[in-house]
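Novice: Sharing a structure with you now.
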Amino acid sequence: MTIDASRGAEAPPELVQLLTPEGERVQHPDYDIDLTPEEVRSLYRDLVLVRRVDLEAVALQRQGELGIWASLLGQEAAQIGSGRALTDSDMAFPTYREHGVAWCRDVDPIKLLGLFRGVNNGGWDPKEHNFHLYTIVIGSQTLHAVGYAMGIQRDDAAAATIVYFGDGATSQGDVNESFIWASVFNAPIVFFCQNNQWAISEPLERQTRIPLYRRASGFGFPGVRVDGNDVFACLAVTRQALKNAREGQGPTLIEAFTYRMGAHTTTDDPTRYRVASELEAWKLKDPIERVKAYLFKNELADQTFLDGVEAEADQLGADLRRRCLALPDPEPLAIFDHVYAEPHALIDEERAQFAAYLEGFER
Amino acid sequence: MTVMSLSKALNEGMRKAMEDDPKVLIMGEDVGKLGGVFRVTDGLQKDFGEDRVIDTPLAESGIIGTAIGLALRGYRPVCEIQFDGFVFPAADQIITQLAKMPMRSLGAIKLPVVVRIPCGGGIGAVEHHSESPEAYFTHTAGLRVVACSNPADAYSMIQQAIRSDDPVIFFEPKRRYWEKADVDTADTGWWTPMDKGLVVRPGTDVTLLTHGPMVKTCLEAAQAAEEEGRSLEVVDLRSLNPLDQPLVMESVRKTGRAVVVHEAPVNQGLGAELAARITEQCFYHLESPVLRVGGFSTPYPPSKLEEHYLPDLDRVLDAVDRAFAY
Ligand SMILES: Cc1ncc(C[n+]2csc(CCOP(=O)(O)OP(=O)(O)O)c2C)c(N)n1
Ligand SMILES: [Mg+2]
């Protein structure tokens, strides 16, 4: 079975980059960004802190305090860049890996742990943060996001929606349907695909033969590939796409080209399917190191600043650990809570029966 | 005789089926190089090649839909759904096409497609990874639905499922994947037909009707009951559609009491069907109503609560007590 590998590959893919891995600022004809030193330092702080939250969660899982964890390692810039492009009134729909976006939406990291510790299925109120619950079923949330955007459109609100999904998710019917809906209704939405090159063990070639961002043109809206490890570029491109959406210009697909530096989740063993050299190559493109280099080169920060952020990260990690261990186990009867919005006779009956059953053990 | 885990037994069974018939294909997410997230297809791609063990794009509807097409072309696809909760994107293809196409063709079309689904809870997983969706499929005419509970059955039943000319939904008890037992791979004389149940522990006082992950729980309950002087018969249903009614009725006529145990919610579940049929066929033999033990009428809870949701030894024995109290 031979397949012509050049099929569908017209021009080489373009990548929007504003900050090189070495920390050099570069220009792009369509996208630019003007950041104050304070803003750059703030982005750096975000990147470092979410990485620390992630590392702490991985450690907590290793020690049996979490059932599982999906690490964002390597994807910090894609998440902080896009997350910081959102305004308060924009709405975000995440997968299960968007801990960095959650950070930007002011979701206390402890709330992310509930799902992974098994004490709840998502511990925050989406309305409070304009940040929807994590969605585990691949691709489902893309349709919810488009529907939400259609609501914004009908309300004539000055807002847009962003939806996150992975490279693997682009194969799902739901995701393709969401592209169609968004296009047909010109919905104010940004499709933010973090192409981290892997869907568990399957490399990108199992999902597509063309660069993912080019799929957009077939659906009738623009697509752009951005360096997903460049927080400046992610911020600039997402900001523009959200602005276009709010101004009635419809959807954009952003493909953030990045890499999943860790295992798929803590239960996965990537040595079974990918080579170490790939990881080494991506280490050189680290999203944090390049901002640090930029800060130093331009004398926007000194060691004291870096130490300060480090200390803050230590504090955050220790605090998260302490609060994770203190998370109470839910009460058994919580099983029956919130299944329905209105009273339900069968639930009431079963709750009462189970309460009596449990009491039988106490006697 | 070889001692092997349930997951290895499935692996060996599929390997044998692939050796026996070049039309057998394996397809699913991560089934190739990784060998599946539970390693059930471990090593098969290495030995049979990428044309026969296919890492598919991430789309369950696509997996089942294309499996139907491959079956139309004479192949025998064995599809893996990664977790129970992810079969639903494929529900349309399974229910409207896989189940009904053979009849629509007046028998001209056969669809020998196997859909393997790791099912059930008890592994501390997050949402959508611990469900027991069997009733959705037993309610759909045109599908055979089976559930294995131990390595030997896993080994024989997966091969029978692959050989079947009907679509088969094949449930695998994920928390029992690592349980080990003897499997005789040299001979097929011991194989029980896939559509038959088995009495896995004989008894005289109560019949426990169960399948998949709950078989072990029921066997433990029977052991504990024996210490209290009660004799429980445990029936591993194995086939959920069709049900092995003669076996079930014979057991219940003997014991006069039946308790159905499954992880899926009791409400509108498989137990309801069994209870109704037992009442119809064994009414005058019953010493007590048929009782059911299973999940609550709630979504599967977060893992810290799953021990309360899942039937355990105490809940089974509590139902046995109630059966005796009538
Ligand atoms: C419908 C569905 N099928 C399968 C899975 C199991 N699964 C969880 S994550 C994953 C891979 C997702 O890859 P991608 O979309 O690239 O996101 P990433 O995990 O790389 O962030 C799979 C197959 C699922 N969660 N939902
Ligand atoms: Mg991915």
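Novice: Of A:Arg154, A:Arg321, which has the most accessible area and how do the rest follow, probe 1.4 Å?
Specialist: So, going from the largest accessible area down, we get A:Arg154, A:Arg321.
Novice: Would you compute, from DSSP H runs of 4+ residues alone, the mean residue ellipticity of chain A at 222 nm, taking -39500 (n - 2.57) per run and dividing by the full residue count, rounded to the nearest 500?
Specialist: Value at 222 nm, helices only, nearest 500: -14000 deg cm²/dmol.
Novice: Here are some pairs, B:Lys8/B:Lys110; A:Lys127/A:Lys243; B:Lys16/B:Lys180; which of them have Cα atoms lying more than 23 Å apart in this structure?
Specialist: Beyond 23 Å: B:Lys8/B:Lys110.
Novice: With 5 Å bins from zero, work out the P(r) of the range B:182-267 over every alpha carbon pair and list the percent per bin.
Specialist: Once binned at 5 Å, the Cα pair distances of the range B:182-267 give 3, 15, 23, 23, 19, 11, 5, 1, 0.
Novice: If you don't mind, another one. Across the range A:165-213, how large is the tail of the calculated P(r) beyond 18 Å, expressed as a percent of all Cα pairs?
Specialist: Cα-Cα pairs of the range A:165-213 separated by over 18 Å account for 31 percent.
Novice: Okay, moving on. Hey, with R₀ at 56 Å, roughly what FRET efficiency would A:Arg62 and B:Met103 work out to, going by the Cβ-Cβ distance, to 0.05?
Specialist: With R0 = 56 Å, the Cβ-Cβ based efficiency is 0.60.
Novice: Then there's this: Could you give the dipole magnitude of the protein assembly as shown about its Cα centre, charging the beta-carbon of Lys and Arg +1 and that of Asp and Glu -1, in debye to the nearest 20?
Specialist: 1440
Novice: Hey, got the dipole for chain A? About the Cα centre, +1 on K and R Cβ, -1 on D and E Cβ, debye to the nearest 20?
Specialist: So the magnitude is around 720 debye.
Novice: Distance from the Cα centre of the range B:1-49 to that of the range A:15-83, in angstrom?
Specialist: Answer, in whole Å: 40.
Novice: Follow-up question, since we're still on this one. Expressed as cubic angstrom per residue, what is the convex hull volume of the alpha carbon set of the range B:198-325?
Specialist: In the range B:198-325, the Cα hull volume divided by residue count equals 97 Å³.
Novice: Further question: Provide Rg and Dmax in Å for chain A, with only Cα atoms included in the calculation.
Specialist: Final numbers for Rg and Dmax: 21.7, 76 Å.
Novice: Contour minus end-to-end for A:Glu362 and A:Asp337, with contour as 0.36 nm per residue of separation and end-to-end as the Cα-Cα distance?
Specialist: 6.8 nm
Novice: Moving to a separate point now. Within the range B:119-159, find all residues whose amide N lies under 19 Å from a label point positioned 7 Å from the Cα of B:Arg277 along Cα-to-beta-carbon.
Specialist: Within reach of a label on B:Arg277: B:133-149.
Novice: Starting from the Cα of B:Lys304, draw a straight line to each of the aspartates and glutamates and keep only those under 12 Å, dropping any in the same chain fewer than 8 residues away.
Specialist: A:Glu65, A:Asp329, A:Glu331, B:Glu127
Novice: When Cβ neighbours within 10 Å are restricted to other protein chains, what is their mean count per residue of peptide B:53-64?
Specialist: Per-residue shielding by partner chains comes out at 5.
Novice: Suppose we keep just the alpha-carbon trace of the range B:2-190; what are its Rg and Dmax in angstrom?
Specialist: Gyration radius and largest Cα-Cα distance of the range B:2-190: 15.3, 46 Å.
Novice: Hey, if we sort A:Tyr44, A:Tyr340 by accessible area with the 1.4 Å probe, largest down, what's the order?
Specialist: A:Tyr340, A:Tyr44
Novice: How big is chain B on each of its three principal axes, counting only the C-alpha atoms and giving the largest first in Å?
Specialist: The Cα atoms of chain B stretch 59, 43, 42 Å along their principal axes.
Novice: Dipole of the protein assembly as shown (Lys/Arg Cβ +1, Asp/Glu Cβ -1, origin at the Cα centre): which of A:Val291, B:Leu270, B:Ala141 lies farthest to the positive side?
Specialist: Most positive-ward Cα: B:Ala141.
Novice: Also, I was wondering about something else. May I have the extent of the alpha carbons of the range B:112-161 along their three principal axes, as whole Å values ordered from largest to smallest?
Specialist: 32, 28, 14
Novice: If you don't mind, another one. If you place +1 on the Cβ of every Lys and Arg, -1 on the Cβ of every Asp and Glu, and leave all else neutral, what size is the dipole of the range B:198-325 about its Cα centre, to the nearest 20 Debye?
Specialist: 300
Novice: Counting partner chain Cβ atoms within 10 Å of every residue's Cβ in A:188-200, what's the average?
Specialist: Mean partner-chain Cβ count within 10 Å for A:188-200: 1.
Novice: What whole number of Å gives the distance from the Cα centroid of the range B:207-250 to the Cα centroid of the range A:298-345?
Specialist: One Cα centre to the other: 45 Å.
Novice: Next up: Take peptide B:284-296, look around each residue's Cβ out to 10 angstrom, count Cβ atoms belonging to other protein chains, and average those counts.
Specialist: Partner-chain Cβ atoms within 10 Å, mean over residues of B:284-296: 1.
Novice: Further question: At 1.567 mPa s and 4 °C, plugging the Kirkwood radius over alpha-carbon pairs of the protein assembly as shown into Stokes-Einstein gives what diffusion coefficient in µm²/s?
Specialist: Estimated via Stokes-Einstein, D reaches 48 µm²/s.
Novice: Roughly how big is the A-B contact, given as buried accessible area in Å² (both sides, 1.4 Å probe, nearest 100)?
Specialist: Counting protein atoms only, the buried area is about 3300 Å².
Novice: Please report Rg over Rh for the range A:1-110, where both radii come from the alpha carbon positions and Rh follows the Kirkwood definition.
Specialist: 1.08
The values are calculated or read from the model by the stated rules, or taken from the named source; none is laboratory data. Computed from a prediction, not measured in an experiment: that's the story for all the values here. All Cβ positions, glycine included, derive from the backbone under ideal geometry; neighbour counts span all protein chains shown. Side chains included, ligands, DNA and RNA excluded: accessible areas come from the protein's heavy atoms. Shrake-Rupley method; radii C 1.70, N 1.55, O 1.52, S 1.80 Å.
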